[in-house]
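This report concerns only the one structure given below.
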Amino acid sequence: MGDRPVFVLHDHRKPRPHFDLRLEEDGVLRSWAVPRGLPTEPGRNRLAVAVPDHALEHATYTDADKSIADDGWWELADSNEKRLVFTLHGRDGVRRYALIHTDGVNWLLHLTKDQPS
C-alpha cells in the first residue's frame, strides 16, 4: 500500500466484542484476534489467537459491526520462529510490542518495557 508496511487494529462488535491486529507482510495481512485489546501495561499480557491471513485491501474495510480502532505503519525490531518484536506507528502514538508463540494458534501479546521515545 505504500513504502512502509501497514497495520490496522479492527474493533469487532459481533459475534463477541474483540479486536483484530493485522500486520502487512509479504503482500497479505497477518492477523491475530485479540479478545481484550492491546495491552496497556508491560505486566498485563493479552491472548492473541492467530487467524487466517487477510487480503491487503482489508486494511481499510469497515462495516456496521467492524470499525478501525487504530492504523498506521509498523516496523520489525526482531523475530525468530517463536517471537516477533515490532513497533506500531499509529494515530494513538508509537508503541513496541512482542508477539510470543505459545502453542498451536495461541500467542501472547506483550507491551515491552523498553518503549520508543
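The values are calculated or read from the model by the stated rules, or taken from the named source; none is laboratory data. All values derive from a computational prediction rather than experimental measurement. Virtual Cβ from ideal backbone geometry, glycine too; neighbours counted across all protein chains shown.
Tallying residues that are free of Cβ contacts under 8 Å to residues at least 24 places away in the same chain and either closer than 18 Å to H101 by Cβ or in contact with a helix residue (DSSP H, G or I) (Cβ under 6 Å, 6 or more places away or on another chain) (or both) within region 27-66 yields 5.
Considering (1) loosely packed, with under 15 Cβ neighbours inside 10 Å; (2) part of a loop (DSSP other than H, G, I, E, B), the lone condition that V94 does not fulfil carries the number (2).
Of all residues in region 89-117, those satisfying the criterion of being under 12 Å from P39 (Cβ atoms) and in contact (Cβ under 8 Å) with a residue 40 or more places away in the chain are R95, Y97, L99, L108, L109, H110, L111, T112, K113. Go through (1) surrounded by 14 or more Cβ atoms within 10 Å (Cβ to Cβ); (2) over 10 Å from the mean Cα position of the chain (by Cα); (3) outside any loop (DSSP other than H, G, I, E, B) and name the single condition V8 misses. Checking V8 against (1) surrounded by 14 or more Cβ atoms within 10 Å (Cβ to Cβ); (2) over 10 Å from the mean Cα position of the chain (by Cα); (3) outside any loop (DSSP other than H, G, I, E, B), the one that fails is (2).
Okay, residues lined up against (1) closer than 26 Å to P116 by Cβ; (2) buried (at least 17 other Cβ atoms within 10 Å of the Cβ); (3) at pLDDT 95 or above; (4) in contact with an Asp or Glu (Cβ under 9 Å, 6 or more places away or on another chain):
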| site | (1), (2), (3), (4) |
| --- | --- |
| R16 | no, no, no, no |
| V51 | no, no, yes, yes |
| A59 | yes, yes, yes, yes |
| N80 | yes, no, yes, no |
| R83 | yes, no, yes, no |
| T87 | yes, yes, yes, yes |
| A98 | yes, yes, yes, yes |
| T102 | yes, no, yes, no |
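In the set (1) at positive phi; (2) in contact with a Gly (Cβ under 6 Å, 6 or more places away or on another chain); (3) without any contact (Cβ under 8 Å) to a residue 60 or more places away in the chain; (4) of a type outside the set (S, T, Y), the condition left unmet by F19 is number (1).
Of the residues examined, R22 is one that is touching a Ser or Thr at 6+ places or on another chain (Cβ under 7 Å) and either over 18 Å from R91 (Cβ atoms) or of a type outside the set (A, V, I, L, M, F, W, C) (or both).
Residues in region 38-91 that are out of contact with any Leu (no Cβ under 8 Å at 6 or more places or on another chain), part of a loop (DSSP other than H, G, I, E, B) and of a type outside the set (F, W, Y): G43, T62, A64, D65, N80, E81, K82, R91.
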